[in-house]
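Participant: For reference, the structure I am asking about is given below.
The values are calculated or read from the model by the stated rules, or taken from the named source; none is laboratory data. Keep in mind the model is a prediction, meaning the values are calculated, not measured. Neighbour counts are summed over all protein chains in view; Cβ atoms, including those assigned to glycine, are modelled from backbone coordinates with ideal geometry.
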Amino acid sequence: MIRSVRAGAPLTGAVRCPGDKSISHRYAMLAALAQGESELLNFAGSLDCQSTLRCLRALGVDIRTRDNSVFITGNGLNGLKAPSGDLDAGNSGTTMRLLSGILAGQSFETTIAGDASLSRRPMGRIIEPLRLMGAHIYSGESGLPPLRIRGGDLRAIRYSLPVASAQVKSCVLLAGLFADGIVAVEERVATRDHTEIALVQFGGKVQRRESWIEIEPRPDLKARHLEIPGDLSGAAFFIVAAALAPDSEILLPGVGLNPQRRLLIDYLQSAGVRVEVENQTELGGEARGDLRVHHDPATLHASLPPVGGDLAAALIDEIPVLAVLGSQAGGLVIRDARELRIKESDRIAVVAANLRAMGAEVEELPDGMNIAGRQRLHGAAIESHGDHRIAMSFAVAALAASGETHIHQAECADVSFPGFFDALARLRSGLGPKISS
């Protein structure tokens, strides 16, 4: 599908972001291992999270949906059943990496595969610790999917993460539920802690000792009634869009503000973007609040603060749309983001190529980009490469470009934000929900 976007009206009104993908994945998996029926409100409707539900159903878990709620009846830690065929993780790296930790503790053999894009994403980072714990894992060349996992009784380990990765950390912690003792993971750079919070919510015993996170084995997990906040990564596209489109004012209610995730808000505020946090609260251990965004032309006068080091790890999912913002502000330098090359696409190469197609000057670096500022963009044919964050980022870029931009494979936005283009159109038409003062 090709979606066409051009500059024009300001963005006005409110848009509710879908439930947080990261939290939805984790709640669904733990609900499947708990005793009783959990109700998960505002569960992400994204294709990635539907992949997780599909895999859990194939493992014998009873799952019902109603509106935007998901009801999962778990059968305890030992209640999963051998699937009749391969598990299909679709495009979801989170599904494959986290579920592999759970599958490593099962008494049966499972193969988990994915689509063409996921099949190019290396899984060696989870294979290594799971093998240390005693799981037998077989993969394609260079650790590529599919993964064949023969699990069983797992050994307790103390494992230091070689790179900052919430997914690898989560995989090991979930495998730790089935170990013969306390499993500990060291992260020298803090990553999002949704897994630790979710484990505690369902009754797991997790402790942090300086840089080490410990999980006790064989907890008695109990079903929960939990509401998932809106996805801040999804909100990022609308925040940048409102910052670029003159006279815009939008409201994004109920967005997740986990401390590791809200570094995005801190970064944007330091860059001069007028984003205000209102009505902040906490439910189920997860902070959330409303985000009010105003266009301010002064935002575009200075260079954006450089993104590198620990900040690059924290903002890794938002870097494509920040690159768009940098091209319209005074420029942006991105380093230490080599991880972008093994996402759904090589996001460094794809962002650079698409910005150049729109007339921008970009220097591609091995681990990032150097983006010149205050550039005049023009409409172009954008190749998303089936990558949801690329499609949405360049829909935002089109708002600052002359002429019309045509985004190819735009339907891939449904991987994380079903209805993204419709929501953007409503804000631009002024027909969306009004902002309450």
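Participant: Output the number of residues of region 187-221 satisfying the condition of being out of contact with any Leu (no Cβ under 9 Å at 6 or more places or on another chain), under 17 Å from Leu98 (Cβ atoms) and in a strand (DSSP E or B).
Facilitator: Within region 187-221, residues that are out of contact with any Leu (no Cβ under 9 Å at 6 or more places or on another chain), under 17 Å from Leu98 (Cβ atoms) and in a strand (DSSP E or B) number 0.
Participant: Using the structure shown, decide if Arg150 is closer than 28 Å to Asp115 by Cβ, surrounded by fewer than 17 Cβ atoms within 10 Å (Cβ to Cβ) and more than 22 Å from the chain's Cα centre (by Cα).
Facilitator: Yes; evaluated as a whole, the condition is true for this residue.
Participant: Still on this model: Among (1) buried (at least 18 other Cβ atoms within 10 Å of the Cβ); (2) within 21 Å of the chain's Cα centre (by Cα), where does Glu282 come up short?
Facilitator: (1)
Participant: A follow-up question, please. Tell me the residue from Gly309, Gly330 that is outside the structural domain of Thr191 (by TED's automatic domain parsing), in contact with a Lys or Arg (Cβ under 9 Å, 6 or more places away or on another chain) and either polar (S, T, N, Q) or at positive phi (or both), please.
Facilitator: Matching residue, one of Gly309, Gly330: Gly309.
Participant: Let me ask another. Take residues that are over 23 Å from the mean Cα position of the chain (by Cα) and tell me which of the helices (runs of 4 or more DSSP H) falling wholly in region 327-437 contain 2 or more.
Facilitator: 347-357, 420-429
Participant: Still on this structure, please answer the following. Which residue pairs have Cβ atoms closer than 6 Å, lie 6 or more positions apart in sequence or on different chains, and pair a first residue in region 213-231 that is more than 17 Å from Val70 (Cβ to Cβ) and assigned by TED's automatic domain parsing to the domain that holds Asp193 with a second residue that is at pLDDT 95 or above and among the charged types (D, E, K, R)?
Facilitator: Listed pairs, sorted by first residue: Glu216/Lys205; Pro219/Lys205.
Participant: Of the residues Asp336, Asp310, which is modelled with pLDDT of 95 or more and among the charged types (D, E, K, R)?
Facilitator: Numbers: Asp310 fails: modelled with pLDDT of 95 or more.
Going through Asp336, Asp310 in turn, just one is modelled with pLDDT of 95 or more and among the charged types (D, E, K, R): Asp336.
Participant: Between His388, His378, which is assigned by TED's automatic domain parsing to the domain that holds Gly326, touching a Ser or Thr at 6+ places or on another chain (Cβ under 6 Å) and in contact (Cβ under 8 Å) with a residue 40 or more places away in the chain?
Facilitator: Just one listed residue meets the conditions, His388.
Participant: Let me ask something else about it. Within the bounds of region 129-138, is there any residue that is closer than 24 Å to Ile23 by Cβ, touching a residue at least 40 places away in the same chain (Cβ under 8 Å) and of a type outside the set (Lys, Arg)?
Facilitator: Yes.
Participant: Could you check region 222-253 and list, in sequence order, the residues that are assigned to a helix (DSSP H, G or I) and of a type in the set (Val, Ile, Thr)?
Facilitator: Ile239, Val240
Participant: Which numbered condition in (1) modelled with pLDDT under 95; (2) surrounded by fewer than 19 Cβ atoms within 10 Å (Cβ to Cβ) is the only one that Thr299 fails?
Facilitator: For Thr299, the failing item is (2).
Participant: Let me ask another. Would region 255-268 turn up any residue that is surrounded by 20 or more Cβ atoms within 10 Å (Cβ to Cβ), among the small types (Gly, Ala, Ser), on the phi < 0 side of the Ramachandran plot and modelled with pLDDT of 95 or more?
Facilitator: The answer is yes; a qualifying residue exists.
Participant: Of the residues that sit in region 200-254 and are at positive phi and among the charged types (D, E, K, R), which one is surrounded by the most Cβ atoms within 10 Å (Cβ to Cβ)?
Facilitator: Checking each candidate, the answer is Arg218.
The rows are residues; the columns are (1) out of contact with any strand residue (DSSP E or B) (no Cβ under 6 Å at 6 or more places or on another chain); (2) surrounded by 16 or more Cβ atoms within 10 Å (Cβ to Cβ); (3) assigned by TED's automatic domain parsing to the domain that holds Gly152; (4) more than 20 Å from His25 (Cβ to Cβ).
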site	(1), (2), (3), (4)
Leu53	no, yes, yes, no
Arg57	no, no, yes, no
Val61	yes, yes, yes, no
Arg64	no, no, yes, no
Gly93	yes, yes, yes, no
Leu98	yes, yes, yes, no
Met133	no, yes, yes, yes
